[in-house]
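Engineer: One structure, pasted below without further comment.
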Amino acid sequence: MCSGIHRNLPQVSRVKSLWLDFWENDLIEFMKKHGNLCAKAKYEAKVPPYYYIPQSCDCLVLREQWIRAKYEREEFVATRVCQDPCSAGSHEGFLWKRGRESKQFKQRRFLLSAREGVMKYYTKEPKGPKAVISIEKLNVMFQAEKIHHAHGLQITYKTDGQTRNLFVYHESGKQKETFKMRWFSLDSEERNLLYFKNPLDAFPQGQVFIGRRVEGYEVRAGLPQGISVKKRKSGITMVTPMREFLFLCENDREQREWIDALNGVIAQPLSG
């Protein structure tokens, strides 16, 4: 249930049961004036059309990230000034796309336009876009194993009553080493892997939620095929429902310690 996620956000959420808790009069009046419709109007005022809103049947990590983006970071409120490049207008770049017949990957230019509400990709610029896809009709998911690349994506959309899949990847992870030195802390109780730029930083730069194996979480020794580093180091691949996180350890002993610790969290039942 989403209430469990909200309980872990006391700075932005207050959870009370209709049956088990006592409701003060002022709280009842507050809920009358600021109920679900008012909250939705405020916190979902500018949700990008391509943003996937999780349903109750989706995995925990999707629902948690939606709640954090909505209430903790307030990414979709109307008064927010700093927006991501996609929701601010457009985002474009080159991806390697697999051909329908040849199955070979060729470089194509992709353009995501929030203003037009479409995604386009081009094979030859003078001839215009090869396809113009409505953002409302597409879905994107990580598919590293299917595409055999750590940065692989499957773009699914409907056209002429049929479902079409585009398989693409971004080449940066394949051509150059993108690992950066970070300090990590594992909060087993909250199931979070936190990372810091400097070991004495007061606040983490980010965190990775660690769910259960039945939800698609897994830790593997080594790095995916196609990922290499200049200096020989022990790698760890942490698989989540949304993406794979890649880490390097200084030696095999450190690698084993982290794998054991992460597996220990994955094996834990979720707290109620």
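Engineer: What Kirkwood hydrodynamic radius, in Å, does region 189-272 give when the mean of 1/r is taken over all pairs of distinct Cα atoms and then inverted?
Structural biologist: Value: 13.9 Å, from the Cα pair sum.
Engineer: Hey, if we sort VAL219, VAL47 by accessible area with the 1.4 Å probe, largest down, what's the order?
Structural biologist: Accessible-area ranking of VAL219, VAL47, largest first: VAL47, VAL219.
Engineer: Roughly how many nanometres apart are two label points built 7 Å out from the Cα toward the Cβ at GLU92 and GLU72?
Structural biologist: 3.5 nm
Engineer: A further question on this structure: Express the relative contact order of region 197-272 as a whole percentage, based on alpha carbon pairs under 8 Å and six or more residues apart in sequence.
Structural biologist: Working: 91 pairs, mean separation 23.8, N = 76.
Answer for region 197-272 is 31 percent.
Engineer: Pairs LYS97/LYS127; LYS70/LYS233; LYS70/LYS106; LYS103/LYS158; LYS46/LYS130; LYS103/LYS127: which exceed 27 Å Cα-Cα?
Structural biologist: Beyond 27 Å between Cα atoms: LYS70/LYS233; LYS70/LYS106; LYS46/LYS130.
Engineer: Using a basic spin-label model with each label point 7 Å from the Cα along Cα→Cβ, how many nm lie between LEU37 and THR156?
Structural biologist: 3.5 nm
Engineer: Any chance you could run the full-extension gain for ALA131 through LYS233? It's 0.36 nm times the residue separation minus the Cα-Cα distance, nm to one decimal.
Structural biologist: 32.5 nm
Engineer: For a Förster distance of 41 Å, can you work out the FRET efficiency between the beta-carbons of GLN107 and LEU27, rounded to the nearest 0.05?
Structural biologist: For GLN107 and LEU27, the calculated efficiency is 0.10.
The values are calculated or read from the model by the stated rules, or taken from the named source; none is laboratory data. Just so it is clear, the structure is predicted and the values come from calculations on it, not from any experiment. As a convention, Cβ positions derive from the backbone with ideal geometry for all residues, glycine included, and neighbour counts pool all protein chains shown. Calculation scope for accessible area: heavy atoms of the full protein, side chains included, ligands and nucleic acids excluded. Shrake-Rupley method; radii C 1.70, N 1.55, O 1.52, S 1.80 Å.
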